[in-house]
Amino acid sequence: MKLYQNEISSATSRVRIALALKGLTAEALPVTILGEDSESRQAGYRSVNPQGLVPALLTDSGSLLTQSLAIVEYLDELQPEPPLLPDTAEDRALARSIALAIAAEIHALLPPRIGLHLRATFQADADAIIAWDRHWVGEGMAAVETMIAGRRQGAFAVGDRPSIADIFLFPQAIGARRLGFDLTQWPNIAEIVARLEAIPAFHENAPAPRK
């Protein structure tokens, strides 16, 4: 398998964590994502992934998969152990809900292309873009904390083993910390992240800081 990726990308981090948990490997194909001239915005990469986003996974059979949630669930089916979804239908739905609350409601408002658009269309400077990021991260993480607290019955977000909920939560929490948030304001998230940081598959595949 080949993984089109960028080390600062939290979406890439999710897939790398899943690969590590499964004991699977994929050849890393770096794609730059920052700036107007990034590779992700060029025709060459758009011919691979029309959205111009990372990650994208080229499977051994030659199929290209996009969107981190779809890729993580593909890996879970490809290598069933350890499972990345909880045992019951309700818990599986909750894990997906948490993952989507992060991917679709928080992270979707933060990628570099959003900052470029804010700068070009609304003349937002760096401070304004950081304020934008902090607003959506703060609001979104507070909601995720409530989602977890209302149903939590184990060591992790949903149950006693890491699931897709934790795979999506961990990179976003690392990003929140880098934006200056104290995770202890979200006690369940803080406790879960501390536990995940002790697991090599997570801490070795955290998103790299922006330079």
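The values are calculated or read from the model by the stated rules, or taken from the named source; none is laboratory data. Please read these numbers as outputs of a predicted model, since none were measured by experiment. Every residue, glycine as well, gets a Cβ built from its backbone with ideal geometry; the counts of neighbours run over all protein chains shown. Side chains included, ligands, DNA and RNA excluded: accessible areas come from the protein's heavy atoms. Shrake-Rupley method; radii C 1.70, N 1.55, O 1.52, S 1.80 Å.
Note on segment 84-104: residues that are assigned to a loop (DSSP other than H, G, I, E, B) and either acidic (D, E) or free of Cβ contacts under 8 Å to residues at least 60 places away in the same chain (or both) total 2. Residues that are of a type outside the set (A, V, I, L, M) and either buried (at least 22 other Cβ atoms within 10 Å of the Cβ) or out of contact with any Ser or Thr (no Cβ under 6 Å at 6 or more places or on another chain) (or both) within segment 14-32 comprise R14, R16, K22, G23, T25, E27, P30, listed in sequence order.
The rows are residues; the columns are (1) over 21 Å from I199 (Cα atoms); (2) among the polar types (S, T, N, Q); (3) at pLDDT 95 or above.
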{"residue": "L100", "(1), (2), (3)": "yes, no, yes"}
{"residue": "A108", "(1), (2), (3)": "yes, no, yes"}
{"residue": "V137", "(1), (2), (3)": "yes, no, yes"}
{"residue": "G159", "(1), (2), (3)": "no, no, yes"}
{"residue": "I164", "(1), (2), (3)": "no, no, yes"}
{"residue": "G175", "(1), (2), (3)": "no, no, yes"}
{"residue": "Q185", "(1), (2), (3)": "yes, yes, yes"}
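Residues of segment 108-164 that are open to solvent by less than 80 Å² (accessible area, probe 1.4 Å), closer than 25 Å to D87 by Cβ, of a type in the set (D, E, K, R) and not in a loop (DSSP other than H, G, I, E, B): E145 alone. Within the span defined as segment 51-72, every residue fails to be in contact with an Asp or Glu (Cβ under 8 Å, 6 or more places away or on another chain) and not basic (K, R). Within segment 81-98, the set of residues being β-branched (V, I, T) and over 17 Å from S68 (Cα atoms) comprises just one member, T88. Checking each residue in segment 186-199 for being of a type outside the set (F, W, Y), in contact (Cβ under 8 Å) with a residue 12 or more places away in the chain and either out of contact with any helix residue (DSSP H, G or I) (no Cβ under 7 Å at 6 or more places or on another chain) or open to solvent by less than 20 Å² (accessible area, probe 1.4 Å) (or both) picks out P187, I189, I192, V193, R195, L196, I199. Do you know which of the residues in segment 51-64 that are part of a strand (DSSP E or B) and open to solvent by less than 40 Å² (accessible area, probe 1.4 Å) is nearest to T32 (Cα to Cα)? Step by step, filter segment 51-64, then rank; the result is A56. Here E105 clears all of (1) crowded, with 17+ Cβ neighbours inside 10 Å; (2) in contact with a helix residue (DSSP H, G or I) (Cβ under 6 Å, 6 or more places away or on another chain); (3) of a type in the set (D, E, K, R) except the condition numbered (1).
In segment 33-42, the count of residues that are more than 28 Å from R119 (Cβ to Cβ) and in contact with a Ser or Thr (Cβ under 7 Å, 6 or more places away or on another chain) is zero. In segment 165-185, the qualifying residues are those that are small (G, A, S) and buried (at least 21 other Cβ atoms within 10 Å of the Cβ), and the one that is farthest from W132 (Cα to Cα) is A165.
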